[in-house]
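Below you'll find the structure, written out as structure tokens, and then a few comments.
The values are calculated or read from the model by the stated rules, or taken from the named source; none is laboratory data. Here the structure is a predicted model, which is why all the values come from computation and not from measurement. Here the Cβ positions follow ideal geometry from the backbone for every residue, glycine too, while neighbour counts run over all protein chains shown.
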Amino acid sequence: MNINREYLAIAVGYLLVILYIAFINNAVINIILVLILLFVHLQVYTQFKKRLSQEKDTSVNKLQSRLEKTKRLQEEMAERFFSLSQSFGSGLLLVDEDGIIQYVNTDMTNYFGEIELDQDYQKVHTVDELHEFINKAYLIEAPMRKQVRHQGRSYDLISTPIFEANIFKGALILAHDITALKHAEEYQKRFTADVSHELRTPLSAIKGFGEILSRDGISADEQAEFIQLIRKEADRMEILLKDLTEISKLDRVDYELEKEQVSIQSLIEETVGVLKPRIKEKQLQVHVDIEDVNLDIDKNRMKQVLLNIIKNALSYTDEGSITITGNKEENRYKIAISDTGIGIKEEDFDKIFKRFYRVDKARSRDTGGSGLGLSISKNAVMKHGGTIHVSSALDQGTTFTIYLPL
């Protein structure tokens, strides 16, 4: 707009001079006017040229600034993408329309070995499962999914094709480590099978005794005996269902202990008091030696732990004694429960805390145990930030040791 005005001013100036020269016949004045006009024109032209140059420089600078800003944004986006892909928690590989690997993150190389960039995917020296998956994803140009195993771990491979204007431009390959999920699925299957088996045993017994009772010619004494057996199996089922409920609670991630300050001596004496009838029945001696402290614990949970372990000691000790000690040891509190029972084989030490595992299955059935007591105890102790250990010798006895934070 400013440039057009300057052109107009120059044109008007020329027009006025021409008109003046046309009507005034004074050569000197005419020459002076022409010189003045030329001078003004030269000044205007110089300013005009200078302004054009400045505006051009300004436009170039603005364009350059925009280009630099765009470049910085692209670099920042690339850095963010790289950072995100490296901390993605899954493997990532990008192959273009020519089959050349353009990008691979650290997780992918950790999963399947070193993969070089800018090479044909068919030359990748990695596991066969990954190579076959990339090959198929590249050829069919469609989404794919497959689970593979490599070096003892399980991976979920996902391929997503990349299109631009309906033209295939490559494929993005993702690899998720699903080993933990597979273990959880396997554990769930085993757990379900174990529960089914544990429930089937008492149910079969109850059904069998019920059929016998329905027959004619059963004496009153036999009826009383079978009814007692049915009650015993029903009690086993009740204990099992109760323990399964406890297991499910402790397995929950959001489960919170109801902690309070508890005298450990009072808790142990209270627990032993509950078991006095059984102790008297088995004619065993119970020795308690406790250094009393107040611990920040869930009283009911820890009482359950102590009950489970002392009940085990009573079940597997026919003569002798049970000793319960407690004392501070550095920054933790140690509780040891020892018996003079039948003992446990060393190869069973790691197994006894597993669910439904029984060292002596026959004796466990007689005592009505569910096979979940020690597993529940370990989970409860771990929820408190503690640990539980076992030591034993055959025909000499067993000691369970619990460590809790002070």
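Worth pointing out:
- Any hit, region 327-349, residues being buried (at least 16 other Cβ atoms within 10 Å of the Cβ), out of contact with any Gly (no Cβ under 9 Å at 6 or more places or on another chain) and assigned to a loop (DSSP other than H, G, I, E, B): yes
- Counted residues, region 373-396 - those being surrounded by 15 or more Cβ atoms within 10 Å (Cβ to Cβ) and touching a Phe, Trp or Tyr at 6+ places or on another chain (Cβ under 7 Å): 6
- Flag if residue 82 is in contact with a helix residue (DSSP H, G or I) (Cβ under 8 Å, 6 or more places away or on another chain) and either modelled with pLDDT under 65 or not assigned by TED's automatic domain parsing to the domain that holds residue 170 (or both): no
- Here residue 391 fulfils each of the conditions (1) modelled with pLDDT of 80 or more; (2) assigned to a loop (DSSP other than H, G, I, E, B) apart from (2).
- Test for residue 241: is it surrounded by 12 or more Cβ atoms within 10 Å (Cβ to Cβ), under 37 Å from the mean Cα position of the chain (by Cα) and over 30 Å from residue 325 (Cα atoms): yes
- Residue that is farthest from residue 91 (Cα to Cα), among those in region 178-236 that are among the hydroxyl-bearing types (Ser, Thr, Tyr) and at pLDDT below 75: 201
- Residues that are over 24 Å from the mean Cα position of the chain (by Cα) and surrounded by fewer than 12 Cβ atoms within 10 Å (Cβ to Cβ), drawn from region 143-167: 143, 163, 164, 165, 166, 167
- Residues being at pLDDT 90 or above and out of contact with any helix residue (DSSP H, G or I) (no Cβ under 9 Å at 6 or more places or on another chain) - total across region 284-304: 3
Yes/no matrix, rows are residues, columns are (1) in contact with a His (Cβ under 8 Å, 6 or more places away or on another chain); (2) under 11 Å from residue 247 (Cβ atoms); (3) modelled with pLDDT under 80:
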{"site": "355", "(1), (2), (3)": "no, yes, yes"}
{"site": "366", "(1), (2), (3)": "no, no, yes"}
{"site": "372", "(1), (2), (3)": "no, yes, yes"}
{"site": "375", "(1), (2), (3)": "no, yes, no"}
{"site": "381", "(1), (2), (3)": "no, no, no"}
{"site": "385", "(1), (2), (3)": "no, no, no"}
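- Matching residues, region 310-337, being within 18 Å of residue 384 (Cα to Cα) and of a type in the set (S, T, N, Q): 327, 331
- Residue identified as part of a loop (DSSP other than H, G, I, E, B) and either at pLDDT 80 or above or of a type in the set (A, V, I, L, M, F, W, C) (or both) among 117, 93, 174: 117
- All positions within region 243-298 that are part of a loop (DSSP other than H, G, I, E, B), over 23 Å from residue 335 (Cα atoms) and touching a residue at least 60 places away in the same chain (Cβ under 8 Å): 255
- Residue match in region 227-235 (condition: within 33 Å of the chain's Cα centre (by Cα) and either under 14 Å from residue 302 (Cα atoms) or not assigned by TED's automatic domain parsing to the domain that holds residue 293 (or both)): no
- In this entry, residue 344 is excluded by the filter for residues that are in the same structural domain as residue 289 (by TED's automatic domain parsing) and at pLDDT 90 or above.
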